[in-house]
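> Input: one structure, supplied below.
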Amino acid sequence: MILVFILSTTLFLKNTGRPSSDKIFSLGENTFGMRFINTGENESNYVRSQMTICYKNGSDVCYREVTSLLYAQFDYQTLLSALEGAQNYPEVFARCHAVTHFIGRSAYKTNPDIRNLYERGSPACWGGFYHGVIEAYFDERPYESEEQFARGIRNVCGSESDYSTPRFFHECLHGIGHAMMFVSDDNLPKSLRWCDKLPTNQKQGTCHGGVFMENSSSSTNTGSGHISKYIKNDDPLYPCDILEEKYLSICYQYQSSYFAQLVKHDWKKTGDLCLKVPKAYQLGCFRIIGSNQVGFTQDPKIMNQTCNSMPNSNAQESCVLGVVSGLMGRYINKPNMAEQFCALVTNKHKQNCWTSIGSSLSSWSGDKSKVAHFCEINNEKHAAWCFEGLENVSPQPIISN
């Protein structure tokens, strides 16, 4: 007997021709060999086993299917906990950010309370859950007037004080950028203009980051044939080279992810492409090479080797800062990986590496006293640099894979 479940699948864009949000999922019809959990089976081991199927298969469609299967059986908190606990395994680590996007979309379908979802959710796998929630929120508004839609953009995230963790507010703003691409059929110029409805340059920039990330390296759209029209193999700098100046800094940062795809993640060659970026924007390009290490390896030694392979000292330091931003964003309240990395970097970059850890701590709590203990490191010099960063906070970009 074939068991059939009605699922809230992870593909919502009815208005853009993508599959409907509700479909029948049948084990008898899936082509990947997935199964339902057995009685008494450990939930985390089961989730990992189904993720392994997609890891071996390599199909984007498989990851959407496996999310549908898992969401039929478990609530979003159970799934996020299982993924967080297993993300050190390569079969989970590789694509769990995309899966948490899909989980967030499905969770919003059953609980359309963004603040509640953010408080009860998890930053597991680089916060993909938060982005998915916002994608689903805007997907339900395709027929609103332009004024109503713009009001939603301005109001959906509320204010930073609404969140127990400041980073989650910025993840929400970043998620708007992902959502604009999601509901506009990957129309980059239109998505950027929608982000411009936000009231400050900093908020707009955080939103723009989500747009450019979706354009350059989407892990959630390619499997549905939804590849952006705003990339060109024969013009690696496109679309940055056609945009107005206000977008260029963030565009060239995230274009680094597309460079990496073009050269099959040969990071030295990626760095060479960053040198083709206008000089004013090159350091941002190298910074994203650093942050991307957090999505491609869990070995701080390899991250350090990549940064050392960059073409000059400034590029190397920018890469180092990107690694720290990525690690501190992916592993909230767990600075060990960033500390291990900073212990490895060359002496000329050590101070800025440890200072960046301190700056990043401010995104974990608005109350510095609550995170100051993370700077109490055995090495007094490193601790002093960490505290220096905590006291002199600079804006931390939202970087995810």
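The values are calculated or read from the model by the stated rules, or taken from the named source; none is laboratory data. A quick note: this is a predicted structure, and the numbers were derived from the prediction, not measured. Because the Cβ atoms are built from the backbone with ideal geometry, glycine has one as well, and the counts that use them run over all protein chains shown.
> Looking at this structure, is residue 285 in a helix (DSSP H, G or I), over 22 Å from residue 204 (Cα atoms) and modelled with pLDDT of 95 or more?
Details: in a helix (DSSP H, G or I): yes; over 22 Å from residue 204 (Cα atoms): no; modelled with pLDDT of 95 or more: yes.
No, not satisfied.
> Restricting to the range 288-343, and then to whatever is hydrophobic (A, V, I, L, M, F, W, C) and not in a helix (DSSP H, G or I), can you tell me which residue is modelled with the highest pLDDT?
Quick first cut of the range 288-343, residues hydrophobic (A, V, I, L, M, F, W, C) only: 288-289, 294, 296, 302-303, 307, 310, 315, 319-321, 323-324, 327-328, 332, 337-338, 341-343.
Checking the rest, the ones that are also not in a helix (DSSP H, G or I) come to 310, 332.
Values: 310: 98, 332: 89.
If we take residues in the range 288-343 being hydrophobic (A, V, I, L, M, F, W, C) and not in a helix (DSSP H, G or I), then 310 is modelled with the highest pLDDT.
> Let me ask something additional. Mind telling me which of the residues 138, 93 ends up being of a type in the set (Phe, Trp, Tyr), over 18 Å from residue 326 (Cβ atoms) and touching a residue at least 12 places away in the same chain (Cβ under 8 Å)? Please lay out each step first, then the result.
Values: 93 fails: over 18 Å from residue 326 (Cβ atoms).
On inspection, the qualifying residue turns out to be 138.
> Let me ask something else. State which residue pairs qualify: first residue touching a residue at least 12 places away in the same chain (Cβ under 8 Å) and more than 13 Å from residue 169 (Cβ to Cβ) and inside the range 118-130, second residue among the aliphatic types (A, V, I, L, M) and in a helix (DSSP H, G or I) in any location, beta carbons under 7 Å apart, and separation of 6 or more residues or different chains.
Once the first residue is touching a residue at least 12 places away in the same chain (Cβ under 8 Å) and more than 13 Å from residue 169 (Cβ to Cβ) and sits in the range 118-130, its partners that are among the aliphatic types (A, V, I, L, M) and in a helix (DSSP H, G or I) give 121/80; 122/80; 124/80; 124/83; 125/83; 128/98; 129/80; 129/103.
> Could you list all residues from the range 282-320 that are under 17 Å from the mean Cα position of the chain (by Cα), of a type in the set (A, V, I, L, M, F, W, C) and surrounded by fewer than 24 Cβ atoms within 10 Å (Cβ to Cβ)?
Answer for the range 282-320, where residues must be under 17 Å from the mean Cα position of the chain (by Cα), of a type in the set (A, V, I, L, M, F, W, C) and surrounded by fewer than 24 Cβ atoms within 10 Å (Cβ to Cβ): just 296.
> Which residues, taken from the range 97-132, are under 14 Å from the mean Cα position of the chain (by Cα) and part of a loop (DSSP other than H, G, I, E, B)? Working first, answer last.
Here is the first cut: in the range 97-132, the residues under 14 Å from the mean Cα position of the chain (by Cα) are 97-104, 122-132.
Hits for the range 97-132 are 122, 123.
> Write out, first by first residue and then by second, each pair whose Cβ atoms fall under 7 Å of each other, whose residues are 6+ apart or on separate chains, and whose first residue, in the range 174-195, is at positive phi while the second is in a helix (DSSP H, G or I) and surrounded by fewer than 22 Cβ atoms within 10 Å (Cβ to Cβ).
185/16
> For residue 206, which of the numbered conditions (1) surrounded by fewer than 24 Cβ atoms within 10 Å (Cβ to Cβ); (2) part of a helix (DSSP H, G or I) fails to hold?
It fails just one condition, (1).
> Name the one entry in 87, 77 that is closer than 25 Å to residue 294 by Cβ, of a type in the set (S, T, N, Q) and at pLDDT 95 or above.
On inspection, the qualifying residue turns out to be 77.
> Starting from residues that are assigned to a loop (DSSP other than H, G, I, E, B) and of a type in the set (Ser, Thr, Tyr), keep the ones in the range 175-203 and report whichever is nearest to the chain's Cα centre (by Cα). Before you say what the answer is, go through the steps one by one.
Residues of the range 175-203 assigned to a loop (DSSP other than H, G, I, E, B): 184-187, 196-200.
Subset that is of a type in the set (Ser, Thr, Tyr): 184, 200.
On the way: 184: 19, 200: 22 Å.
Taking the candidates together, the pick is 184.
> Looking at (1) at pLDDT 80 or above; (2) part of a helix (DSSP H, G or I), which is the one condition that is false for residue 15?
Tallying (1) at pLDDT 80 or above; (2) part of a helix (DSSP H, G or I), residue 15 fails exactly one: (1).
> Contact list please: Cβ distance under 9 Å, first residue in the range 354-381 and without any contact (Cβ under 8 Å) to a residue 24 or more places away in the chain and over 15 Å from residue 340 (Cα atoms), second residue of a type in the set (A, V, I, L, M, F, W, C) and assigned to a loop (DSSP other than H, G, I, E, B), pairs at least six apart or on different chains.
Listed by first residue and then by second, the contacts come to 368/393; 370/364; 371/364.
> Criterion first (modelled with pLDDT under 95, part of a helix (DSSP H, G or I) and crowded, with 24+ Cβ neighbours inside 10 Å) does residue 135 satisfy it? So that I can check it myself, show each step before the final result.
Numbers: modelled with pLDDT under 95: yes; part of a helix (DSSP H, G or I): yes; crowded, with 24+ Cβ neighbours inside 10 Å: yes.
Spelling it out, residue 135 is indeed modelled with pLDDT under 95, part of a helix (DSSP H, G or I) and crowded, with 24+ Cβ neighbours inside 10 Å.
> Restricting attention to the range 157-167, and to residues there that are under 13 Å from residue 114 (Cα atoms) and within 19 Å of the chain's Cα centre (by Cα), which single residue is modelled with the highest pLDDT?
That would be 157.
> Small (Gly, Ala, Ser), in a helix (DSSP H, G or I), modelled with pLDDT of 95 or more and surrounded by 14 or more Cβ atoms within 10 Å (Cβ to Cβ), is that true of residue 49? Break it down into steps so the answer makes sense when it comes.
On the way: small (Gly, Ala, Ser): yes; in a helix (DSSP H, G or I): yes; modelled with pLDDT of 95 or more: yes; surrounded by 14 or more Cβ atoms within 10 Å (Cβ to Cβ): yes.
Spelling it out, residue 49 is indeed small (Gly, Ala, Ser), in a helix (DSSP H, G or I), modelled with pLDDT of 95 or more and surrounded by 14 or more Cβ atoms within 10 Å (Cβ to Cβ).
> Restricting the search to the range 209-221, which residues are modelled with pLDDT under 95, assigned to a helix (DSSP H, G or I) and more than 17 Å from residue 139 (Cβ to Cβ)?
213, 215, 216, 217
> Looking at the range 138-153, which of the residues that are farther than 19 Å from residue 103 by Cα and surrounded by 13 or more Cβ atoms within 10 Å (Cβ to Cβ) is nearest to the chain's Cα centre (by Cα)? Quick ask: steps written out before the conclusion?
Step one: filter the range 138-153 for residues farther than 19 Å from residue 103 by Cα, giving 141-153.
Subset that is surrounded by 13 or more Cβ atoms within 10 Å (Cβ to Cβ): 141-142, 144, 149-153.
Values: 141: 23, 142: 24, 144: 28, 149: 24, 150: 24, 151: 25, 152: 22, 153: 19 Å.
Checking each candidate, the answer is 153.
> Ok, one more. Counting just the residues of the range 96-117 that are hydrophobic (A, V, I, L, M, F, W, C) and touching a residue at least 60 places away in the same chain (Cβ under 8 Å), which one comes out surrounded by the most Cβ atoms within 10 Å (Cβ to Cβ)? Break it down stepwise before answering.
Of all residues in the range 96-117, those hydrophobic (A, V, I, L, M, F, W, C) come to 96, 98-99, 102-103, 107, 114, 117.
From what's left, touching a residue at least 60 places away in the same chain (Cβ under 8 Å): 98, 102-103.
Values: 98: 25, 102: 28, 103: 30.
Selected residue: 103.
> Go through the range 30-48 and give me each residue that's under 13 Å from residue 79 (Cα atoms) and out of contact with any helix residue (DSSP H, G or I) (no Cβ under 7 Å at 6 or more places or on another chain).
42, 45, 46
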